[in-house]
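First the structure, in the form of structure tokens, and then the observations on it.
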Amino acid sequence: MMSSRTLALALVLPLTACMLAESYDFDGYQLAPGAGQGGAGAAGEAGAGGEVSGSSGQAGAGAGGEAGAGAGGESGSSGQAGAGGEAGAAGCGSLFDAFEDKDGDGIGSEVSKKLCAPEAGWVFQKGDCHDGNKDVYPGQLSFFAQPYTDLNGGPSFDYNCDGNEQVTGAVEAIKVCNKPFCDQGKEGYEENAAPLGKVNRLCGSTVKVKCEGSGAACGATKSEGPAVGCR
Ligand SMILES: [Ca+2]
Ligand SMILES: [Ca+2]
């Protein structure tokens with residue numbers, strides 16, 4: 001037979017266990033949101049990583065950033081996770097390769113970084129073969145009578161960065177006037193006497209040449225003309 005004391009214990013113990021269980025549940029309930037916040041922050045960090053990985057990471061950057069920021073605000077202990085959220089929030093939907101444009105001609109050098117929005121001094125097209133001279137860039141259409149000093153320290157007329165020096169119009173270099181028809185009176189320019197490094201020797205010449213006369217009297221008449229432009 002169960003004594004009254006034993007019966008009382010039998011009744012009280014389950015009740016205490018029930019209270020303990022409730023208390024445990026209560027504590028657990030308090031912990032659960034904290035754990036959830038930390039997880040949200042971790043998603044923020046993953047979002048930050050998305051900046052580097054490209055298009056597949058871009059969606060992660062936005063969603064992860066928001067979740068991480070919220071966790072950091074609610075819980076001091078999950079501050080680190082919040083920091084991850086900030087990194088995610090600082091990300092953007094689309095990252096571009098931007099190139100430094102020091103001379104402001106709109107074309108950048110090989111110096112690059114990632115940008116999600118336009119920034120002064122940085123452009124989205126590279127290929128400037130001299131980012132210290134705003135007249136020199138791919139696509140330059142003008143011709144120039146004077147060379148610039150290229151990155152190797154020598155003269156160059158390659159103002160459009162294509163590796164060659166194109167002479168304006170149809171200017172022809174005339175070295176001799178051939179008899180007996182004196183080259184039909186053709187006109188052109190004399191090449192510069194001294195080579196200027198790799199420079200096309202017509203570039204910058206100011207000596208116009210015209211073949212004149214006939215037979216033994218055929219000869220070159222020289223005169224001062226506007227300098228031959230190149231690019
Ligand atoms: Ca430039
Ligand atoms: Ca050129």
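The values are calculated or read from the model by the stated rules, or taken from the named source; none is laboratory data. Please read these numbers as outputs of a predicted model, since none were measured by experiment. Note that we place each Cβ from the backbone using ideal geometry, even for glycine, and neighbour counts take in every protein chain shown. Only protein heavy atoms, including side chains, enter the accessible area calculation; ligands, DNA and RNA are left aside. Shrake-Rupley method; radii C 1.70, N 1.55, O 1.52, S 1.80 Å.
A few remarks follow.
- Hey, R201 within 16 Å of ligand 2 (Cβ to nearest atom) and more than 30 Å from K102 (Cα to Cα) or not: yes
- When G127 is tested against the conditions (1) farther than 26 Å from T206 by Cβ; (2) open to solvent by 60 Å² or more (accessible area, probe 1.4 Å), the lone failure is (2).
- Among (1) under 32 Å from the mean Cα position of the chain (by Cα); (2) modelled with pLDDT under 95, the one test that A98 misses: (2)
- Per-region count, the stretch 105-141, residues of a type in the set (G, A, S) and closer than 21 Å to D162 by Cβ: 6
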